[in-house]
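Only one structure is covered here, and it is reproduced in the block below.
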Amino acid sequence: MAWSLAHAPGQKGRTALVTGASAGIGLETARALAARGAHVILACRSLERGRAAATRIGGSTEIVLLDLASLDSIHRAAAEVLDRHDRLDLLINNAGVMFPSYQRTEDGFEAHFGVNHLGHFALTGLLLKSMISVPDSRIVTVASLAHRAGFGGSDAARARADDGRRSVTAYGRSKLANLLFARELQHRLTTVGAPTTSLAVHPGLSPTRLWNGDPPALLRPAVAAGLQWLAQPAEQAALPSLRAAMDRDVPGGAYLGPSGLFGNRGKPGPASSSRASRSKGAQARLWALSEELSGVQYTYEPTTAEAPDDAVRPRTGRQG
Ligand SMILES: NC(=O)c1ccc[n+]([C@@H]2O[C@H](COP(=O)([O-])OP(=O)(O)OC[C@H]3O[C@@H](n4cnc5c(N)ncnc54)[C@H](OP(=O)(O)O)[C@@H]3O)[C@@H](O)[C@H]2O)c1
């Protein structure tokens, strides 16, 4: 039976943080979680857009200022969340840019890599202590069908390259990095025996503001045709994220996306991904690079003393 929001359990008592909740798929994700009773932290880079989103979303929300293009801002946002909340049940790494007007982040990283991947890597690492002892806590990272265009891997030079603003491969690389990250994180969480899981999703194709960037000229007709014929509204494009966040039958490490029209639209179900995204070597290399570039080292200790003793006991394998 196809999954729909009607199958989602109530979320009362749960706290979710959604990045990029001011628009598009993030706003719809936040709206659906709030409608099911979750308290939703809207992590937005503009207070004004965050407030406008909160009005549209309704329910129980709060805003945290977060600019994923700035490691300083990420540290401030994480500190604020940890200060205000003992626990986080859901982290939805959703915000993203494609062909942005700027070339680099505040810290000098290529914009797609910096915002879409490295910013979320740092944020997740800083917030993990508030999730690591929470039963059925989940980290959902939004990738893309475009991860298949992410040729060339990620290395320190590429992470700082300045040829990415209008490059399809730069966007694809950042989305491949989202998938590699989500899978390596699941591996590490399993290794330490944490109740937290990491899942990845892609939303298919949706006519959001993401497409208002400045794509290469050759791509524009295909984009226009795709958005006209293949796309689905943001409300539906949010369903893979929502299923990954709420469907207890979906295990950690899963990758979900729309199941119809070559993955562009339809009900959320298992999605396929490139061989590159399944490379354990690439997952481990990206992790090491991301720790080095962001300066955020993952630890698996809970925030609170009441955490169950056996929640984070290391088992075997690599440690973060
Ligand atoms: N739409 C699609 O067809 C499609 C396809 C595949 C994957 N995706 C993925 O889906 C996710 C959501 O995209 P969308 O389509 O909903 O795009 P969108 O409508 O443009 O929304 C993007 C969100 O990310 C936020 N954001 C951008 N840069 C940020 C930064 N530096 N710090 C914090 N927040 C930032 C935006 O905030 P502002 O309001 O401040 O701009 C906005 O809330 C992205 O990860 C995207 O790659 C989308």
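Where a number appears in this text, it was derived from the coordinates with a stated rule and is not lab data. Since the model is a prediction, treat every value here as computed from it, not as a measurement. Because the Cβ atoms are built from the backbone with ideal geometry, glycine has one as well, and the counts that use them run over all protein chains shown.
Here are the numbers for this structure:
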quantity	calculated
Note, ³J(HN,Hα) from phi for the range 285-301, Karplus 6.51, -1.76, 1.60, rounded to Hz, x at Gly and Pro	5, 5, 4, 4, 4, 5, 5, 5, 6, 8, x, 9, 9, 6, 10, 10, 9
Nonlocal amide H pairs with residue 269, under 5 Å, H built at 1.01 Å	257, 259
For peptides 78-88, 253-263, 93-103, sequence by mean Cβ density within 10 Å, most packed first	93-103, 253-263, 78-88
Whole-Hz ³J(HN,Hα) from phi, Karplus 6.51 cos²θ - 1.76 cosθ + 1.60, for the range 187-199, glycine and proline x	4, 5, 5, 5, 4, 8, x, 6, x, 7, 10, 10, 10
Cα pair count fraction exceeding 19 Å, expressed as % - the range 182-239	51 percent
Hz values of 3J(HN,Hα) by residue in the range 54-70 - Karplus curve (6.51, -1.76, 1.60), Gly and Pro given as x	4, 5, 6, 6, x, x, 9, 9, 8, 10, 10, 6, 8, 10, 6, 8, 9
Cα-centred dipole magnitude for the range 23-148, charges only on beta-carbon of K, R (+1) and D, E (-1), debye, nearest 20	340 debye
Three semi-axes of the equivalent ellipsoid, the range 239-278, Cα gyration tensor, whole Å, largest first	17, 15, 6
Dipole magnitude of the chain about its Cα centre (Cβ charges: Lys, Arg +1; Asp, Glu -1), debye to nearest 20	920 debye
Principal axis box of the range 247-305, alpha-carbon based, largest edge first, Å	42, 33, 17
Rg/Rg_globular for the range 53-136, with Rg_globular taken as 2.2 N^0.38 Å and Rg from C-alpha atoms	1.17
Dipole of the chain [Lys/Arg +1, Asp/Glu -1 at C-beta], most positive-end residue of 223, 41, 185	223
Range of Cα positions in the range 134-232 per principal axis (Å), largest first	48, 36, 18
Mean projected area in nm² (Cα convex hull; one quarter of hull surface) for the chain	14.9 nm²
